[in-house]
1. Specify the residue that is modelled with the lowest pLDDT; the eligible residues are those in segment 54-65 that are touching a strand residue (DSSP E or B) at 6+ places or on another chain (Cβ under 8 Å) and not charged (D, E, K, R).
2. Which of (1) of a type in the set (D, E, K, R); (2) surrounded by fewer than 16 Cβ atoms within 10 Å (Cβ to Cβ); (3) touching a Gly at 6+ places or on another chain (Cβ under 9 Å) does residue 159 not meet, given it meets every other one?
3. May I ask you to verify whether residue 129 is surrounded by 15 or more Cβ atoms within 10 Å (Cβ to Cβ) and touching a residue at least 24 places away in the same chain (Cβ under 8 Å)?
4. Hey, among 88, 92, which residue is without any contact (Cβ under 8 Å) to a residue 60 or more places away in the chain and farther than 24 Å from residue 31 by Cα?
5. How many residues are assigned to a loop (DSSP other than H, G, I, E, B), of a type in the set (D, E, K, R) and touching a strand residue (DSSP E or B) at 6+ places or on another chain (Cβ under 9 Å) when one looks only at segment 123-153?
6. Kindly provide the set of residues from segment 19-37 that are more than 22 Å from residue 121 (Cβ to Cβ) and either in contact with a Gly (Cβ under 6 Å, 6 or more places away or on another chain) or modelled with pLDDT under 65 (or both), ordered by number.
7. Out of 50, 81, 68, I need the residue that is of a type outside the set (Gly, Ala, Ser), modelled with pLDDT of 90 or more and assigned by TED's automatic domain parsing to the domain that holds residue 151. Which one?
8. Can you confirm whether segment 53-65 contains a residue that is aromatic (Phe, Trp, Tyr) and assigned to a loop (DSSP other than H, G, I, E, B)?
Amino acid sequence: MLGFFIILISSFSLSKQQVFSSGKCPTVTLQKDFNLKEYLGDWYEIVKFPASFESGSKCAKAHYQLLPNGHINITNSGIKPDGTPTIAYGEAKIVATDGTAKLELRFSNLAPWGNYWVLDTDYKNYTLIYSCTNIAGLSHFEFAWILSRKRTLDEVTKDRLYNEMEKFKIDTKHFITMDQTDFLLQIPIRHADTSADGTTRNIKVCAGILTGLLTVFGMYMFGKLPVSVKLSSTPFSFTLLQKKSKRTKPNMKNCMKML
């Protein structure tokens, strides 16, 4: 009973920024013979269901990049109401075994996977995305997006996609238009290195480099290896330059000069 009230209170507090409906999630038909490689690249948000994590943003854009392990690197970008850029990095994977476009995604290694279902796409112009999660079998909350390869999409295509969703009894009145008028801001795309299980290795790389630097510093302090450390222009990389000068007993003043 306590869990039910927690869900009820949480639903009420988020209702203005999420779409909640009674009953279970509707049954939908997914895109068949999904071609992931054709789906990659840039997608611009045209319309969306309200979502707390996108509240007030504009010029929303998604970039999908294939990773060595078959997962998808996600770079979501946009502009906040105060004009500052917003960016989120995530990961997606195909979970369907029948060739349909049933995917899951997350934006943190600690977060659970969320649904990402492609209902319809022609890969070159538009994609219709839907996500739904049941709540205790009594209600559900849902997200939906129509994305385009350009910052605009013709009304004929939009109307057809709206009609397609209404056949699944999804209320398209929840759709709100994304402002794509101010798009001069360039957002960097993260080219993440990944391990076999799909977890990004950025943290591991940083930890390894820090360990290496501390090791080199310790060796220098004990007179084992007189080196200077030079940071290169490549992220998370460094070069060690062997010094040709005569070895002297190190002291803190000399070490601080080197660092």
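1. 57
2. (3)
3. no
4. Going through 88, 92 in turn, just one is without any contact (Cβ under 8 Å) to a residue 60 or more places away in the chain and farther than 24 Å from residue 31 by Cα: 88.
5. The number of residues fulfilling the criteria is 3.
6. Result: 20, single match.
7. Just one listed residue meets the conditions, 68.
8. Within segment 53-65, not a single residue is aromatic (Phe, Trp, Tyr) and assigned to a loop (DSSP other than H, G, I, E, B).
The values are calculated or read from the model by the stated rules, or taken from the named source; none is laboratory data. Small disclaimer: the values here were computed from a predicted structure and weren't measured. Heads up, the Cβs are rebuilt from the backbone with ideal geometry, glycines too, and the neighbour counts pull from every protein chain shown.
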